[in-house]
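The values are calculated or read from the model by the stated rules, or taken from the named source; none is laboratory data. The shown structure was predicted, so the numbers you read here are calculated from the model rather than taken from an experiment. Counting neighbours? That spans all protein chains shown, and the Cβs are built from the backbone with ideal geometry, glycine included. Just so you know, the surface numbers come from the protein's heavy atoms only, side chains and all, with ligands and any DNA or RNA stripped out. Shrake-Rupley method; radii C 1.70, N 1.55, O 1.52, S 1.80 Å.
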Amino acid sequence: MNKSVSRGLLYCILLLLYLFHNDLWLWYDARLVAGLPVGFVYHILFCFAAATMLTLLVTYAWPEHLAVDEDDEEAP
Amino acid sequence: MTLTIIILYLCLVVAIGSLSHRLFRGTGEDYFLASRSLGSFLLLMSLFGTNMTAFAILGASGEAYHEGIGVFGLMASSSALIIPLVFFFIGTRVWALGKRLGLLTQVQYFRQRWGSDALGLALFIILIALLIPYLLIGVSGGGITLHQITKGQVPEWVGGLLVCSVVMIYVCYGGLRGTAWANAFQTVVFVTLGGTAFFFILQQHGGLLAAMKAVSASNPDLLIRGDHIKPLKLLTYTCIPLSVGMFPHMFMHWLTARRAETFRVPLKLYPIFIAAVWVPSVTLGVIGRLDFPDLHGPAANSILVRLIDLHAPEVLAGLLAAGVFAAVMSSLDSQVLSIGTMFTQDIVRHYGFREQMSERHQILYGRFFVCAVLVVTYVLSLTTDRSIFKLGVWSFTGFAALFPLVVAALFWRRSTKYGAAASLATVVCLWTYFFQLGWATPGHTVGGAGIMPVAVILAGSTLAMIIGSLLTRPPDESVIRRFFPQP
């Protein structure tokens, strides 16, 4: 898979993840899962999903062009 | 005993911050940006420590006390996604430009990008005005902590004075490097001690399940979002973390990275660190209802300290209070240094010395402004409202609403100074309007539908940027070539 395709795919997954932040289906659910309310557990898991997303972005969509050579630097 | 531990802790922070002075190279760039030499570990710790304020530690638990577990989704998990994304898309690019062009401050960048002194000055004033309430959060947080943990023996003004004095010493002496070292130490302290407090207090309640069952019996509404938080509020609250894109202190920390790759580790770990701090904070806020059922308004901001005081033995209480101090100071130091840097570089050096300022003078002025900002903040903290959370949200709202500026500057070649000025003016007008409404009616949302004012202000400032830019002459080709070099 070429870089622009994988980058595009990752951005789509990112959008999907953002939408999944809005867990309307758990709004009134007070069940306890592992000692915590299910809506709380969902958002803790969301943090781990965010960490995974960032790992994928860093690995497959890193902006390589940002590397700065000493020669490129302008005097302040 | 508690007070002794806190004082010992503060001495340790001063020692660590000052120790960094051994590496000082005597230049302005070294004092303000540690010669752009920080590695991944220090970058992660200083980015995270700077962003986790008394707002997260005290304000979040206070808010969870009133609103329940929904506070986590509202502020923590949204930040876990949005903040590292801002670092990824904005921070890395700002670092590259800063390194290539020798930039030291945010205002310098915008002033040069759009070739306008007036725009730079307006932005300088707005950024400082928005940072002041954020600074007050830290100083008030220190005061509340010490007052509560010593059972009222030490007045709040002494706590604030202690925080300001310690920060003044190590920021003046160590500059950015001292701040980063102290931040790293303090981040480890507040994450570790926060976790300790969490398990200790839970144990006193018979474990997590027993505590949650007790909350379920007494305050079942705290375990759901229910009517506390409207769905549109959850959606639009995700605009608030965009504020990191315009915080002067975050901008300053981005510039300190050794190379672009230095960002990789902080980006991956940032969401986990957010969860590690906010899960205990929100859980303890909810459980606090069991021990202190009748706290009203801002009084709930002290719930964490009250729990520590009630359940932890004296030695642990002292250590945990030190943890709260750590969170407070690790933000205050960077904010104060960034303001000192802005005054020195954007006002004194730019207007007073026409950019011709010796290294020695830069450092001298930097130190002077750090002291002056701390003195002013401390005096203000003695006279202003102590509702930490309320202050924080309005500060964040303003910074988030300025986000279109940095996006346009970095990604939109066609953006112009007039577009940026229109965007700034829109933010000022709308922010003032909503601030008045929100201050009179806490929890105010647009039309009562749950839409956070930040979403409306952000939309307005984006629109103003687009229209203002398209209606005016495109920027010169030389500017474009300088800021958008061909890869």
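Surface composition of the protein assembly as shown: carbon plus sulfur atoms contribute 67% of the solvent-accessible area (1.4 Å probe, protein chains only, all chains present). Taking Lys and Arg as +1 and Asp and Glu as -1, the other residues whose beta-carbon sits under 11 Å from that of residue B:148 total 0. Only lysines eight or more places from residue B:417 in sequence, or on another chain, were considered; those with a Cα closer than 30 Å are B:99. When only alpha carbons are used to place a centre, the range B:214-289 and the range B:97-160 end up 20 Å from one another. Taking each DSSP H run with n ≥ 4 as -39500 (n - 2.57) and averaging over every residue of chain B yields -23500 deg cm²/dmol at 222 nm. Ranked by the mean number of other Cβ atoms within 10 Å of their residues, highest first, the peptides B:85-94, B:133-142, B:410-419, B:345-354 come out as B:133-142, B:85-94, B:410-419, B:345-354. Remark: accessible surface ordering of B:166, B:456 (largest first) is B:456, B:166, probe radius 1.4 Å. Listed by chain and number, the lysines whose C-alpha is less than 23 Å from the C-alpha of residue B:233, apart from same-chain residues fewer than 8 away, are B:390. Cβ-Cβ distance of residue B:272 and residue B:218, R₀ of 30 Å, FRET efficiency by 1/(1 + (r/R0)^6): the value works out to about 0.40. Net charge of the neighbourhood of residue A:24, taken over other residues with C-beta under 13 Å away and scored Lys/Arg +1, Asp/Glu -1, is +1. Taken as entire DSSP H runs, the helices of chain B that both span 18 Å or more between Cα atoms along their own long axis and average 1.0 or more on the Kyte-Doolittle scale are B:2-19, B:117-149, B:156-204, B:264-291, B:314-342, B:359-383, B:388-401, B:453-470. Work out, in µm²/s and without decimals, the Stokes-Einstein translational diffusion coefficient of the range A:3-63 at 4 °C, 1.567 mPa s, Rh from Kirkwood over C-alpha pairs. Rounded, D is 100 µm²/s.
Taking label points 7 Å from Cα along the Cα-to-Cβ direction, residue B:192 and residue B:449 give a separation of 5.0 nm.
Between residue B:451 and B:446, the built amide H atoms are under 5 Å apart, and every one of these is 5 or more places off in sequence or on another chain. Need the C-alpha centroid separation for the range B:423-469 versus the range B:179-203, integer Å. Going from one Cα centre to the other spans 36 Å. Partners of residue B:230 within straight-line reach, counting lysines whose Cα lies under 16 Å from its Cα and excluding those fewer than 8 residues away in the same chain: none found. Ranking A:17, B:103, B:430, B:232 by solvent-accessible area of protein heavy atoms (1.4 Å probe, all protein chains present), from largest to smallest, gives B:232, B:430, A:17, B:103. The angle separating the long axis of helix A:3-20 from the principal Cα axis of greatest extent in chain A is about 30 degrees. Rounded to the nearest 10 Å², what accessible area does residue A:64 have for a 1.4 Å probe in the complete protein model? About 100 Å², rounded to the nearest 10. Note on surface exposure: B:429, A:47, B:371 rank B:429, B:371, A:47 by accessible area, highest first, 1.4 Å probe. Could you grab the relative contact order for chain B? Cα pairs under 8 Å, six or more apart, rounded to a whole percent. Once divided by the residue count of chain B, the mean separation gives 31 percent.
Residues of the range B:239-261 that lose at least 20 Å² of accessible area (1.4 Å probe, protein heavy atoms only) when the other protein chains are present, relative to their chain alone, are B:260, B:261.
Take each residue of peptide A:20-31, count the partner chain Cβ atoms within 10 Å of its Cβ, and average: the result is 5.
Between chain B and chain A, roughly 4200 Å² of accessible surface gets buried, counting both sides and using a 1.4 Å probe.
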